[in-house]
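The values are calculated or read from the model by the stated rules, or taken from the named source; none is laboratory data. Here the structure is a predicted model, which means the values were calculated and not measured. As a convention, Cβ positions derive from the backbone with ideal geometry for all residues, glycine included, and neighbour counts pool all protein chains shown. Quick note on the areas: whole protein, heavy atoms, side chains included, nothing else; ligands and nucleic acids left out. Shrake-Rupley method; radii C 1.70, N 1.55, O 1.52, S 1.80 Å.
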Amino acid sequence: EAVMPPSVSLGEQGVVSLHVKIMRDGSVPDPEPVMLYGSGKEPLDRAAVSSIRASNPFPPLPAQFKGPYIEVRYTYYYNIQPPNQ
């Protein structure tokens, strides 16, 4: 179960980026997710990874999608304003 670390409500900051492969059936294979970069703060990194694992499986990909999987990057901004895209 994904749980927000209590330190986040106290203002702890960090950025975590994860790479995730989602298969056609919505499953996330091991060893996903892969951490592209961590916050340097274990509770924040663990919460980000746990959020993906708790969401496994995701809904199946649309039938119109013909590939074997999609690759997604999730970036978590803890008490930091994300940059404008």
Quiz item: Can you pull out the residues in the stretch 9-44 that are in contact with a Gly (Cβ under 9 Å, 6 or more places away or on another chain), open to solvent by less than 20 Å² (accessible area, probe 1.4 Å) and not polar (S, T, N, Q)?
Solution: Gly14, Val16, Leu44
Quiz item: Restricting attention to the stretch 1-52, which residues are among the aliphatic types (A, V, I, L, M), without any contact (Cβ under 8 Å) to a residue 24 or more places away in the chain and part of a loop (DSSP other than H, G, I, E, B)?
Solution: Leu10
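Listed here are the residues, each with its yes/no results for (1) of a type in the set (Val, Ile, Thr); (2) part of a loop (DSSP other than H, G, I, E, B); (3) in contact with a Lys or Arg (Cβ under 9 Å, 6 or more places away or on another chain).
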| site | (1), (2), (3) |
| --- | --- |
| Gly67 | no, yes, yes |
| Glu71 | no, no, yes |
| Thr75 | yes, no, no |
| Ile80 | yes, yes, no |
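Open to solvent by 60 Å² or more (accessible area, probe 1.4 Å) and not in a helix (DSSP H, G or I): does that describe Phe58?
Values: open to solvent by 60 Å² or more (accessible area, probe 1.4 Å): no; not in a helix (DSSP H, G or I): yes.
No.
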